[in-house]
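Note sheet for the following structure.
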Amino acid sequence: MFMEPNAPHHRPHFHAYYQNDVAIYAIDSIEIIAGSFQIRQQRLVEAWAEIHQEELLSD
């Protein structure tokens, strides 16, 4: 998890990478706050984040 106080996305978040694409997800709402993925990769990351949300928040 990254916390960047002066960044545009200054919420607890994580970065997800797939090939040349990057998406930044808010941990609390599991929504993309920057970047983008194709829908298939987006669903995969969102499902993973739901399963691991407590771990991400405690990090």
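Every number in this text was worked out from the coordinates using simple rules, so none of it is lab data. All values derive from a computational prediction rather than experimental measurement.
Once fully extended, how much extra length lies between residue 17 and residue 57, figured as 0.36 nm per residue of separation less the alpha-carbon to alpha-carbon distance?
The span from residue 17 to residue 57 would gain 12.5 nm if fully extended.
Summarise the long-distance tail of P(r) for segment 13-58 by giving the % of C-alpha pairs beyond 16 Å. It would help to have the intermediate numbers written out before the result.
Details: 277 of 1035 pairs.
Result for the distance tail: 27 percent.
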